[in-house]
Every structure is written in C-alpha cells, then in structure tokens.
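Novice: My structure is below; once you've seen it, I'll send some questions.
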C-alpha cells in the first residue's frame with residue numbers, strides 16, 4: 001500500500017545507527033524546506049514509540065512516565081530522538097535530515 005502524502009517527495013524514517021555518516025555530509029546542499037511536516041512528526045513519534053515498546057532505552061528523563069508515546073514525543077521536542085528523515089526527491093536524489101536541523105511544528 002502506498003500512502004500519498006501530497007508532498008513532492010517521499011520520506012523514510014531511519015535509525016541513526018543505520019545511516020552512513022558520509023551520506024549526510026552535504027547537508028548544506030538541500031532543496032527541501034527545513035520544516036518538519038505533521039506527517040514526518042507523526043511518523044517519527046510512532047517509530048520511536050515502537051522502539052521504546054520493544055525495550056529501547058529512553059534518551060530523556062522519564063520522571064516516572066510510563067506512556068511510551070509521551071516519552072517519544074518528549075524525545076522529539078528535546079531533539080534527542082535517535083532517528084533521521086530521508087527525503088527522496090522526484091529526480092531520485094536523497095536528502096538526509098537530522099531532527100535537530102528541522103523546525104518542529106507545535
């Protein structure tokens with residue numbers, strides 16, 4: 001099933017450990033806007049929630065919080081979520097965005 005996001009590019013959410021650091025070097029040569037879409041935000045939080053449910057350690061102080069969805073949301077807004085966004089443009093080029101490089105919607 002393909003989900004049409006209505007965007008001019010396709011996205012993937014990838015674990016930072018699975019990304020070749022050399023592929024992210026040309027971060028100054030990006031064509032897409034540095035704004036995280038609502039779709040990207042939801043995908044990041046959902047992916048991180050699943051990782052936390054499968055036993056990954058939180059990267060923020062949970063302060064007794066047990067809801068993994070809230071922990072994932074907190075990680076996103078504190079910019080410590082260990083995921084990156086891969087945007088594939090229509091011409092086949094790929095852009096990698098770290099969460100810390102994007103403006104996050106409220």
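Computed from the coordinates by the stated procedures, all read-outs in this text should not be read as laboratory data. Here the structure is a predicted model, which means the values were calculated and not measured. Glycine also receives a Cβ, built like all others from the backbone with ideal geometry; neighbour counts cover every protein chain displayed.
Novice: Taking just the alpha carbons, could you work out the radius of gyration and Dmax for the stretch 64-106, both in angstroms?
Specialist: Answer for the stretch 64-106, Rg first and Dmax second: 13.4, 47 Å.
Novice: Fully extended, how many nm does the chain gain between residue 98 and residue 30 (0.36 nm per residue separation, minus their Cα-Cα distance)? Numbers along the way, then the final one.
Specialist: Working: separation 68, 0.36 × 68 = 24.48 nm, distance 1.24 nm.
Net length gain for the segment: 23.2 nm.
Novice: Now for a separate question. How far apart, in nm, are the 7 Å Cα→Cβ label points at residue 65 and residue 89?
Specialist: A separation of 3.6 nm, rounded to one decimal place.
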